[in-house]
Structure formats: C-alpha cells, structure tokens
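J.: Okay, here's the structure, questions in a sec.
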Amino acid sequence: GYGRLRVKPGAQVKVVLGKIRKPNKAVKKPKWESAGGVVVDPGARKVLLVRIRKAVKEGRSGWTWPKGRVDPGEHLSMAAIRETYEESGVQAEPLAKIAQLRSRKALRHYYLMNKLAAGGKFDPKETLEIRWVSLKAAGKLLDRKRDRTVLKAATSALKELEAAAALP
C-alpha cells in the first residue's frame, strides 16, 4: 500500500514534465500560473477529484484535480495547499512536484499531495462535489487530456516511491 505517504529523507522522486508546445515565436510569459495536485488518501488508496461548476457549464464532465491561480508573491506549494482546501475542504501536504504543463495562457504546476484531514467546507459557487476514487476510476472520469497526463505522472510517482522504499 501507500503507507502514510511520508517520504524518507534523501529519497529521490522524479519530476514528470508534460509536453511543452513549441511555438513559432519566442515563448511568452503565461497570463497566469496555477497550482494544485493529486491528493492521495493512503489508507483507502484513492485520489481526490473535484467537479467544477464552470467546466460543467462548458459541457464537460467537470471532473478535475483541485487547483487554482497563484496569488502574487505566493509560493507554488502554498498555492497548491490553499487551492486544494478552497475547492475541496481537504487539507493536504505536498510530497513532490510531479508535473508542469504549459498552455498558451497558463503555466500549471501539479504536486503529489498527502491527505491530512477532510471534511472542511468548499465553495459551492465553484465546486459542485468532491469524490475519492481509485486511480482507474479517475482515468474514466477525467475528460481533459492535461488531467489524464497528470494522472499518469501521479501513478508513476507513486510507483517510484513504493519501489524506492521511500514510504514506511
């Protein structure tokens, strides 16, 4: 199993980068950066998905990883912690950065995160519901390519942590 998902000192976790588009022009600074992650409940061997109201209105399933914009001066990992709590009511700690994906408008940073506590309130204006699912079920619910890329990165990071015996 995942154990408690505590990384032992000196353990190496590979950072998995998404495909970065090669524009014809010089790379422009993204309009915004966002941070969030794949929250793992090690006891249940499940990951957290959030269903976002805006995506449902756009005709998508709405299921995604909790994430949001980074505030000016805010550290990426702190933004991931804050956005995860705001969108899901779940307190989590980042274990490792697993993906960085660039689009024309945004640079998104994703962390593998360990669930600390659940049951807080999320903003119902933004989040319709949250769900803890297996990695396999997450692959069926996620309809954006970038979310499935992050799922692959999380799956690889979890396997690497287990293989390296970085988990107690």
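J.: How high is the relative contact order of the stretch 53-168, in percent, with contacts defined as C-alpha pairs under 8 Å that are six or more residues apart?
T.: Dividing the mean separation by the residue count of the stretch 53-168 yields 25 percent.
J.: So, one more: When the solvent-accessible surface of protein heavy atoms is calculated with a 1.4 angstrom probe, in what order do 155, 64 fall, highest first?
T.: 155, 64
J.: Which values, in whole Å and largest first, are the semi-axes of the equivalent ellipsoid of the stretch 54-111 obtained as the square root of 5 times each eigenvalue of the Cα gyration tensor?
T.: 20, 15, 11
J.: In whole Å, what is the distance between the alpha-carbon centres of the stretch 37-76 and the stretch 115-141?
T.: So the separation of the two Cα centres works out to 7 Å.
J.: Also, I was wondering about something else. Restrict the search to the stretch 88-168; then list the GluC sites (Glu not before Pro) that DSSP places in a loop and that have at most 15 other Cβ atoms within 10 Å of their Cβ.
T.: 126
J.: Name the residues whose placed amide hydrogens come within less than 5 Å of the amide hydrogen of residue 74, ignoring near sequence neighbours (fewer than 5 apart) on the same chain.
T.: none
J.: Another question about this same structure. Looking at the square roots a ≥ b ≥ c of the eigenvalues of the Cα gyration tensor of the stretch 98-168, which shape do they give, rounded for a/c under 1.5, prolate if a/b is larger than b/c, or oblate?
T.: Taking the square roots of the gyration eigenvalues as a ≥ b ≥ c, the stretch 98-168 is oblate.
J.: Enter the per residue convex hull volume of the stretch 44-154, computed from alpha-carbon coordinates, in Å³ rounded to the nearest integer.
T.: About 107 Å³ per residue, rounded to a whole number.
J.: Using a 1.4 angstrom probe on the protein heavy atoms only, could you order 110, 85 from most to least accessible area?
T.: Highest to lowest solvent-accessible surface, that is 85, 110.
J.: Another one. Quick one: ranking 41, 147, 123 by accessible area, 1.4 Å probe, largest first, what do you get?
T.: 123, 41, 147
J.: Continuing with the same structure: What figure, in Å² to the nearest 10, do you get for the accessible area of residue 161 with a 1.4 Å probe and non-protein molecules left out?
T.: We get 0 Å² for residue 161.
J.: What does the net charge come to around residue 48 if you take all other residues with beta carbon closer than 9 Å to its beta carbon, with K and R at +1 and D and E at -1?
T.: +2
J.: Here is a further query. For residue 54, what accessible area in Å² do you get when you roll a 1.4 Å probe over the heavy atoms of the protein chains, rounding to the nearest 10?
T.: Counting only protein heavy atoms, residue 54 exposes about 140 Å² to solvent.
The values are calculated or read from the model by the stated rules, or taken from the named source; none is laboratory data. Small disclaimer: the values here were computed from a predicted structure and weren't measured. Counting neighbours? That spans all protein chains shown, and the Cβs are built from the backbone with ideal geometry, glycine included. Remember, those area values only see protein heavy atoms, side chains included, never the ligands or the DNA or RNA. Shrake-Rupley method; radii C 1.70, N 1.55, O 1.52, S 1.80 Å.
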